[in-house]
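The values are calculated or read from the model by the stated rules, or taken from the named source; none is laboratory data. Small disclaimer: the values here were computed from a predicted structure and weren't measured. All Cβ positions, glycine included, derive from the backbone under ideal geometry; neighbour counts span all protein chains shown.
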Amino acid sequence: MARVRSAPFLALALLGAQAATQAPGYETREKHDPNGIGKFYMGREIAHVMGHPAAPWLERTEREKEEEPAKVITALELKPGMVVADVGVGTGYFAFRMAPHLGEKGRVLGVDIQQEMLDKLKKKAESLKVANVEGVLGTITDPKLPEKGVDLVLMVDVYHEFDHPWEMMQAIVKSLKPGGRVVLVEYRKEDPTVPIKEVHKMSEEQVKKEMEVVGLKHAKTVGTLPRQHICVFTNAP
């Protein structure tokens with residue numbers, strides 16, 4: 001015989017489900033790192049956003065040696081036909097490296113909150129004659145991605161700058177197809193020799209904590225890069 005659950009039991013279960021997705025909240029501190037905005041999320045200070053005038057730094061020749069982007073592309077396990085969102089796309093440094101792996105039916109949705117960056121992305125796509133990279137103008141709380149329409153969301157050295165990480169991640173999770181993945185590439189905070197400002201680094205532990213609170217499960221961390229983690233998460237049950 002089927003077991004009938006009482007109304008109080010169901011109410012408690014519902015409250016538990018709501019608590020699991022409740023925003024951790026933000027904290028403002030007067031004393032903070034000058035490279036941060038003074039706003040803290042789950043104990044971590046949020047960094048200042050890199051503005052579009054600094055776009056040339058994204059395309060610096062040293063980046064190939066410092067970050068070894070080919071290893072990132074390998075770790076993504078891209079397949080033809082996939083829809084990939086490059087959130088914080090900037091000038092498309094990774095978008096144009098991913099595009100050839102997705103084929104004619106796949107595409108890269110390059111999300112940025114700065115129209116100036118998207119103008120550069122469009123100009124570069126036209127110059128390279130790449131048809132499967134398109135820009136998407138997002139906001140600080142919403143990347144404007146199609147609901148359940150994305151196979152993979154990539155964020156390279158950008159998540160730590162989100163003004164509203166909880167809201168952004170809620171929207172990103174909604175954009176994932178069943179079995180979708182979120183990949184964060186962040187400078188290793190555990191390594192003091194990495195020559196990056198502290199608020200622009202994230203520890204693997206912190207990344208896991210912030211992804212798990214929005215319901216994502218840690219699949220693996222790839223440690224092949226000289227200075228960064230490649231942290232992979234999924235919405236798979």
- Counting only residues that are in contact (Cβ under 8 Å) with a residue 40 or more places away in the chain and in contact with a Cys (Cβ under 9 Å, 6 or more places away or on another chain), which one in the range 208-225 is surrounded by the most Cβ atoms within 10 Å (Cβ to Cβ)? 211
- In the range 206-217, is there at least one residue being of a type outside the set (Gly, Ala, Ser), farther than 17 Å from residue 72 by Cα, at pLDDT below 95 and in contact with a strand residue (DSSP E or B) (Cβ under 7 Å, 6 or more places away or on another chain)? no
- Filter result for residue 145 (surrounded by 16 or more Cβ atoms within 10 Å (Cβ to Cβ) and closer than 14 Å to residue 171 by Cα): yes
- Item | Count of the range 143-173 residues which are assigned to a loop (DSSP other than H, G, I, E, B), over 24 Å from residue 35 (Cα atoms) and of a type in the set (Asp, Glu) | 1
- Query: How about the range 192-223: which of its residues are in a strand (DSSP E or B) and either acidic (Asp, Glu) or touching an Asp or Glu at 6+ places or on another chain (Cβ under 6 Å) (or both)?
  - Reply: 202, 221
- Show the residue pairs that are 6+ apart or on different chains and have beta-carbon atoms under 8 Å apart, the first residue being within the range 17-43 and within 20 Å of residue 217 (Cβ to Cβ) and assigned to a loop (DSSP other than H, G, I, E, B), the second being at pLDDT below 95 and not polar (S, T, N, Q). 42/24
- Query: Can you tell me which residue in the range 178-207 is surrounded by the most Cβ atoms within 10 Å (Cβ to Cβ), limited to those that are within 21 Å of residue 111 (Cβ to Cβ), touching a residue at least 60 places away in the same chain (Cβ under 8 Å) and over 12 Å from the mean Cα position of the chain (by Cα)?
  - Reply: 202
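Please pick out the residue among 90, 36 that is at positive phi and surrounded by 20 or more Cβ atoms within 10 Å (Cβ to Cβ).
Working: 36 fails: at positive phi.
90 is the lone residue from the list that is at positive phi and surrounded by 20 or more Cβ atoms within 10 Å (Cβ to Cβ).
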- Message: Need the failing condition index for residue 137 against (1) under 21 Å from residue 98 (Cα atoms); (2) of a type in the set (A, V, I, L, M); (3) touching a residue at least 40 places away in the same chain (Cβ under 8 Å); (4) surrounded by fewer than 16 Cβ atoms within 10 Å (Cβ to Cβ), just the number.
- Response: (3)
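Could you tell me which of the residues 58, 76 is in contact with a Lys or Arg (Cβ under 9 Å, 6 or more places away or on another chain) and closer than 23 Å to residue 138 by Cβ?
76
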- Message: Checking residue 26 against (1) closer than 25 Å to residue 226 by Cα; (2) at pLDDT 95 or above, only one condition comes out false. Which one?
- Response: (1)
- Taking only the range 87-109 into account, find how many residues are under 16 Å from the mean Cα position of the chain (by Cα), within 15 Å of residue 58 (Cα to Cα) and not hydroxyl-bearing (Ser, Thr, Tyr). 7
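For the range 82-113, give me the residue count where each residue is of a type in the set (S, T, N, Q) and modelled with pLDDT of 95 or more.
Summing the residues that are of a type in the set (S, T, N, Q) and modelled with pLDDT of 95 or more in the range 82-113 gives 0.
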- Message: What's the total number of residues in the range 190-207 that are in contact with a Cys (Cβ under 6 Å, 6 or more places away or on another chain) and farther than 15 Å from residue 159 by Cβ?
- Response: 0
- What number of residues in the range 41-65 are modelled with pLDDT of 90 or more and of a type in the set (A, V, I, L, M, F, W, C)? 3
